[in-house]
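The values are calculated or read from the model by the stated rules, or taken from the named source; none is laboratory data. All of these numbers come straight from a predicted model, not from anything done at the bench. For neighbour counting, all protein chains shown are included, and Cβ atoms are generated from backbone atoms with ideal geometry for every residue, glycine included.
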């Protein structure tokens, strides 16, 4: 089971732009690299990432083999209302992972 | 001294080798074949859907001298008010000499508040990187950076 780390503020003022950082534990095997046996290792990467804020998409990323292992993404969103940020990763070989983060909006 | 004086031929050869060595050192770091450059240009053109890609508005922030190509932090900032009327729709990063031209493509909207995204990428060798941003008015803007990589991302199982 993959592990993911979300770094985002727990609370923010209404209208404030907050930074969200998402780090996922994943090898991101490129599909261009030979293994110990000299054969090219099959590609195993995370291809897609989405972030939704109370169900509305705020950020999405399409990742390719050139993204480093343990894909890290940093982006921003406007704190509009108290709600849940949901993060979804989709990858090769049926890989999926989801995380949620509760955001309290004040003011 | 006596050696070189008594063997002038050897001395000449040594000088030739030294000169050759110097030539190798001064070879430009970005000596590139036209095929690779046009490959990158084609990838950018395909992303822009044939529309003109202007220079400006976008800043691709990456170290120009990279020690370890396995994980290279990159940040793309785009000058945009990020309002409902004028915002960044998408950002993409391309490379010149990795096995695949695309690195990552991001989709943004007015809810992002700030057009700034970061990730970490792999670099197979010293090369050119291009960041392209698509605005809500349909225009494309780009910024390219040449980076020198000391330790390349592992490709050949070295």
Might you let me know whether region A:71-84 holds any residue that is closer than 21 Å to residue B:92 by Cα and more than 10 Å from chain B (Cβ to nearest Cβ)?
no
Of the criteria (1) modelled with pLDDT of 95 or more; (2) under 17 Å from the mean Cα position of the chain (by Cα); (3) within 14 Å of another protein chain (Cβ to nearest Cβ); (4) farther than 23 Å from residue A:43 by Cα, which one residue B:105 fails:
(4)
Residue satisfying condition, being within 11 Å of chain A (Cβ to nearest Cβ) and either surrounded by fewer than 20 Cβ atoms within 10 Å (Cβ to Cβ) or assigned to a loop (DSSP other than H, G, I, E, B) (or both), within set B:124, B:84:
B:124
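Can you name the strands (runs of 3 or more DSSP E) wholly within region A:52-100 that have at least 3 residues being touching a helix residue (DSSP H, G or I) at 6+ places or on another chain (Cβ under 7 Å) and buried (at least 19 other Cβ atoms within 10 Å of the Cβ)?
Filter on region A:52-100 gives A:72-78.
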Does residue B:131 qualify as being in a loop (DSSP other than H, G, I, E, B) and crowded, with 19+ Cβ neighbours inside 10 Å?
no
Quick check on region B:71-79. Is at least one of its residues modelled with pLDDT of 95 or more, buried (at least 19 other Cβ atoms within 10 Å of the Cβ) and more than 11 Å from chain A (Cβ to nearest Cβ)?
yes
Return yes or no: is residue A:100 more than 30 Å from residue B:68 (Cα to Cα), at the interface with chain B (Cβ under 10 Å from one of its Cβ atoms) and in contact with a strand residue (DSSP E or B) (Cβ under 8 Å, 6 or more places away or on another chain)?
no
Tally of residues being assigned to a loop (DSSP other than H, G, I, E, B) and over 13 Å from residue A:85 (Cα atoms) across region A:1-51:
23
Is region B:91-99 home to any residue that is at the interface with chain A (Cβ under 8 Å from one of its Cβ atoms), out of contact with any strand residue (DSSP E or B) (no Cβ under 9 Å at 6 or more places or on another chain) and at pLDDT below 95?
yes
Identify, please: which residue in region A:1-48 is within 22 Å of the chain's Cα centre (by Cα) and at the interface with another protein chain (Cβ under 9 Å from one of its Cβ atoms) and is, among those, farthest from residue A:95 (Cα to Cα)?
A:16
